[in-house]
Amino acid sequence: MQDYGQVIRSEQIQNAAHLWQEHRDAEFPANLRGVEFEGIDMVLLDADTAGCAYTWINNGGTLDPQRRRILQTCVEDLDWAIPQISDPSGHRYYQRLRQLALLISDALNAK
């Protein structure tokens, strides 16, 4: 019989993998290339968050301490930057990225 925690972790990874695939299939909002909001580079924010998500999914739901810190910073930056985005497609793009980051962060904090 499978441990309940393993079932939950598996579901979290599957949910994250689904969001990750949606994110990968989405085109980066062209009008946000080279854009910074108070020093937050939107391309780097996307890349840093995506790197943490990719690693977490491929490591079976684990992140090393450095990537945990990076992910936490990304969540904070996403929370601050998303309200600054006026373009609807850019807003949706980063909102999905935030949802992915929060799913992973919540899973890590539940351990």
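The values are calculated or read from the model by the stated rules, or taken from the named source; none is laboratory data. Remember, predicted model here, so these are calculated numbers, not experimental data. Here Cβ is always computed from backbone atoms with ideal geometry, including for glycine, and neighbour counts include all displayed protein chains. SASA here: full protein model, heavy atoms, side chains in, ligands and nucleic acids out. Shrake-Rupley method; radii C 1.70, N 1.55, O 1.52, S 1.80 Å.
Selection of first residues in the stretch 1-25 that are under 18 Å from Asp46 (Cβ atoms) and of second residues that are polar (S, T, N, Q) and modelled with pLDDT of 65 or more, restricted to Cβ pairs under 8 Å at least 6 apart or on distinct chains, gives the following pairs, ordered by first then second residue: Leu19/Gln99. Among what's in the stretch 85-111 and is closer than 15 Å to Leu32 by Cβ, among the polar types (S, T, N, Q) and free of Cβ contacts under 8 Å to residues at least 60 places away in the same chain, pick the residue that is most open to solvent (accessible area, probe 1.4 Å). Per the stated criteria, the residue is Ser86.
Just give me the residues in the stretch 47-63 being open to solvent by less than 10 Å² (accessible area, probe 1.4 Å) and more than 18 Å from Leu78 (Cα to Cα), in sequence order. Correct list: Trp56, Gly61.
Taking the numbered list (1) in contact with a Pro (Cβ under 7 Å, 6 or more places away or on another chain); (2) open to solvent by 60 Å² or more (accessible area, probe 1.4 Å); (3) of a type in the set (Asp, Glu) in turn, Glu36 passes all entries but (1). From the list Arg67, Arg96, Arg92, the one residue that fits, being of a type in the set (Lys, Arg) and more than 22 Å from Ala26 (Cβ to Cβ), is Arg67.
Here is a list of conditions, (1) outside any loop (DSSP other than H, G, I, E, B); (2) without any contact (Cβ under 8 Å) to a residue 12 or more places away in the chain, and Gly34 meets all of them except one; can you say which number that is? So Gly34 meets the others, but not (1). If you go through the stretch 8-30 and keep only what is exposed (fewer than 13 other Cβ atoms within 10 Å of the Cβ) and more than 15 Å from the chain's Cα centre (by Cα), you end up with Glu11, Glu27, Ala30.
For Ile82, are the conditions met, namely being surrounded by 13 or more Cβ atoms within 10 Å (Cβ to Cβ), part of a helix (DSSP H, G or I) and at pLDDT below 95? So Ile82 fails the test.
Pairing residues of the stretch 42-66 that are part of a loop (DSSP other than H, G, I, E, B) with residues that are buried (at least 19 other Cβ atoms within 10 Å of the Cβ) and of a type in the set (Val, Ile, Thr), at Cβ distances under 8 Å and at least 6 apart in sequence or on separate chains, gives Gly60/Ile13; Gly61/Ile13; Leu63/Ile104.
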